[in-house]
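Everything on this sheet refers to the single structure shown next.
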Amino acid sequence: MKKKISLLAIAFLFLFASAAQAAPAKNQGKIRVYLDNQEIKFQAAPIMKNGVTFVQFRPLFQALDYKVNWNSANKQVTGTYLDQKLQMTIGQKTAYVNGVKTSLQIAPFTDAGNTLVPLRFVAEATGLPVKWDAKARTIKIDREGAIDKATDEVKKLYHALEEAGNAKKLDAAMALFHSKSPVLAKTKEGYQNQFKYDLHVSSDVWEVTVAGTSIHAFTSVTLERSSGPFTWDVTLHYENLLKKDASGAWKIYDLNQYDTEYLAGDNLLDANPKVPEAELKAIRESIDTQYKGFNEENGPLLMSVIHPDSAFYEMFQNSIAEGIFDEVNFNLTAEAVRPVFFQGEETVVYIEETDDADGDIINTTSLYWLKKANGQWLIYDVLELE
């Protein structure tokens with residue numbers, strides 16, 4: 001009898017142990033997905049299938065800032081961001097990343113009307129590392145870490161551009177651009193023009209994002225004249241797209257200059273160069289001739305003091321031909337005329353202007369850049385100061 005009870009007790013012990021082991025698996029909490037420290041909310045809970053976590057495609061793509069498209073006829077999911085494109089088809093293990101075929105361990109599928117895609121594949125295809133915490137049943141997509149790493153890469157590259165720019169090394173500068181960049185020729189021409197001047201180059205980097213095999217960043221490059229021929233100090237603002245070249249090094253692939261900020265620092269505005277009296281008189285005569293041309297609506301007189309290489313030359317010609325004097329009245333006078341730069345056959349003049357042609361007084365402060373041509377001072381460029 002004791003033996004039977006012992007066997008029965010053992011049977012109960014085995015039954016209890018099995019139930020105890022099965023219970024945690026049955027009551028495991030749902031999988032949570034975090035993009036950095038922010039949880040991505042899904043209407044349908046993530047599903048683990050053969051070790052692969054599947055989630056609703058739309059909330060995932062939108063959290064990653066990808067534009068979402070669903071083709072119901074082809075049952076195809078597409079996510080696009082900048083120059084990146086990710087495509088998957090329900091029931092197919094073949095996916096495409098920027099047109100390149102890749103294989104999936106398990107095909108995307110539908111469950112209760114929801115389209116589910118493999119989370120790790122999507123995140124890593126968008127350039128973001130993924131970490132699975134089995135104990136906490138959480139998946140963390142580390143976008144912040146990826147951005148920090150990408151920011152360091154862009155800063156390193158632009159530091160090298162600074163060094164090449166300050167040393168006027170064209171080959172060193174161009175080596176930092178991708179060999180397949182569509183802006184190579186234009187960029188080379190820009191550096192050749194830049195190196196005609198003695199400039200101090202500095203840069204800044206901000207708003208870096210990671211997009212699959214690309215880095216997107218906003219940058220600025222400041223060029224400040226240090227000596228030699230005159231040119232405006234400027235900050236050039238760029239939108240960048242970086243890609244790795246064949247060696248695996250990050251290079252600038254595309255570059256769009258979207259703004260130019262002209263700088264007029266105190267060093268220029270407070271300068272008081274010595275200008276020979278005869279030259280000062282000739283400079284003032286050219287300025288007054290410009291005003292007389294505007295005020296008397298005399299196009300030929302106005303054009304006589306505009307430098308033929310100036311960007312204003314063709315603009316003024318076209319405006320005069322199109323009848324600007326029939327539409328706009330001028331009564332320009334100069335309240336102050338003071339040279340702030342004078343070197344050889346170039347000068348920059350600080351001028352406070354007034355225009356009261358229509359009864360309203362309009363005051364402006366400008367810097368006039370004049371160059372000598374055939375012994376005459378001609379207006380080459382004008383920078384209006386705020």
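Filtered by the rule that a residue be buried (at least 19 other Cβ atoms within 10 Å of the Cβ) and either touching a residue at least 60 places away in the same chain (Cβ under 8 Å) or touching a Phe, Trp or Tyr at 6+ places or on another chain (Cβ under 8 Å) (or both), region 177-206 gives PHE177, HIS178, SER181, SER203, VAL205. Of the residues ALA282, ALA278, ALA311, ALA246, the single one that is of a type outside the set (S, T, N, Q), outside the structural domain of GLY190 (by the TED database) and under 30 Å from SER202 (Cα atoms) is ALA311.
Of all residues in region 353-366, those that are at negative phi and charged (D, E, K, R) have Cβ atoms under 7 Å from Cβ atoms of residues that are open to solvent by less than 60 Å² (accessible area, probe 1.4 Å) and not in a strand (DSSP E or B), 6 or more apart or on another chain, in ASP355/PHE330. Out of ASP233, ASP245, one residue alone is within 18 Å of ALA175 (Cα to Cα) and either surrounded by 17 or more Cβ atoms within 10 Å (Cβ to Cβ) or touching a residue at least 40 places away in the same chain (Cβ under 8 Å) (or both). It is ASP245.
Residues that are open to solvent by 60 Å² or more (accessible area, probe 1.4 Å), in a strand (DSSP E or B) and free of Cβ contacts under 8 Å to residues at least 12 places away in the same chain within region 88-144 comprise TYR96, VAL100, LYS101, SER103, LYS131, ASP133, listed in sequence order. Quick one: would you say ASN318 is open to solvent by 60 Å² or more (accessible area, probe 1.4 Å) and touching an Asp or Glu at 6+ places or on another chain (Cβ under 7 Å)? Criteria not met by ASN318.
Taking the criterion of being within 22 Å of ILE47 (Cα to Cα), basic (Lys, Arg) and either open to solvent by less than 30 Å² (accessible area, probe 1.4 Å) or modelled with pLDDT of 95 or more (or both), would at least one residue in region 164-173 satisfy it? Within region 164-173, not a single residue is within 22 Å of ILE47 (Cα to Cα), basic (Lys, Arg) and either open to solvent by less than 30 Å² (accessible area, probe 1.4 Å) or modelled with pLDDT of 95 or more (or both).
The values are calculated or read from the model by the stated rules, or taken from the named source; none is laboratory data. The shown structure was predicted, so the numbers you read here are calculated from the model rather than taken from an experiment. Note that we place each Cβ from the backbone using ideal geometry, even for glycine, and neighbour counts take in every protein chain shown. Just the protein is used for accessible areas: all its heavy atoms, side chains included, with ligands, DNA and RNA removed. Shrake-Rupley method; radii C 1.70, N 1.55, O 1.52, S 1.80 Å.
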